[in-house]
Amino acid sequence: MTLREIVEKLQLTVKTGAGLLHREVKGGYVSDLMSDVMANAGEGALWVTLQIHQNIVAVAVMKSLAGIVLINGRAPEPETLQKGEEEGIPIMVADMPAFEVAGRLFALGISGG
């Protein structure tokens, strides 16, 4: 499934990387600990988090993640938006909590990883 399909089905707001929504999502990972994501998220995963600072972009680049979904309508910091555009990392915002985002992704066939 592509990021574009997920954005449409979950009604996400795209903050960065609008031109990269053709990326295939190979799995999902939910965590607010960057060290956990670095150790366990798989390449091509969609990361669901409440973190909004620019370090999330560095982790996404390092792990070759498909993108980042911020939960609860959280607004990324301006530096995060700038870094996301520079590094080519799609950042999207969901108005729902992490539990609901994960459940909806799972219902779409996105498994953990």
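The values are calculated or read from the model by the stated rules, or taken from the named source; none is laboratory data. Because the structure is a prediction, the values reported are computed rather than measured. Please note: Cβ atoms are built from the backbone with ideal geometry, for glycine as well, and neighbour counts cover all protein chains shown. Note: areas computed on protein heavy atoms with side chains; ligands, DNA, RNA excluded. Shrake-Rupley method; radii C 1.70, N 1.55, O 1.52, S 1.80 Å.
Observations on the structure shown:
- Check on I89, over 16 Å from A102 (Cβ atoms), within 11 Å of the chain's Cα centre (by Cα) and at pLDDT 95 or above: yes
- Test for A94: is it closer than 19 Å to M1 by Cα, crowded, with 16+ Cβ neighbours inside 10 Å, in contact (Cβ under 8 Å) with a residue 40 or more places away in the chain and touching a Phe, Trp or Tyr at 6+ places or on another chain (Cβ under 7 Å): no
- Region 64-86: number of residues that are out of contact with any Gly (no Cβ under 8 Å at 6 or more places or on another chain) and part of a loop (DSSP other than H, G, I, E, B): 6
- If you go through region 12-28 and pick out every residue that is free of Cβ contacts under 8 Å to residues at least 40 places away in the same chain and in a loop (DSSP other than H, G, I, E, B), you end up with 1.
- Region 97-113 - residue that is in contact (Cβ under 8 Å) with a residue 40 or more places away in the chain and of a type in the set (A, V, I, L, M, F, W, C) and, of those, most open to solvent (accessible area, probe 1.4 Å): F106
- Among the residues of region 29-52, at least one is closer than 24 Å to A107 by Cα, touching a residue at least 60 places away in the same chain (Cβ under 8 Å) and among the hydroxyl-bearing types (S, T, Y).
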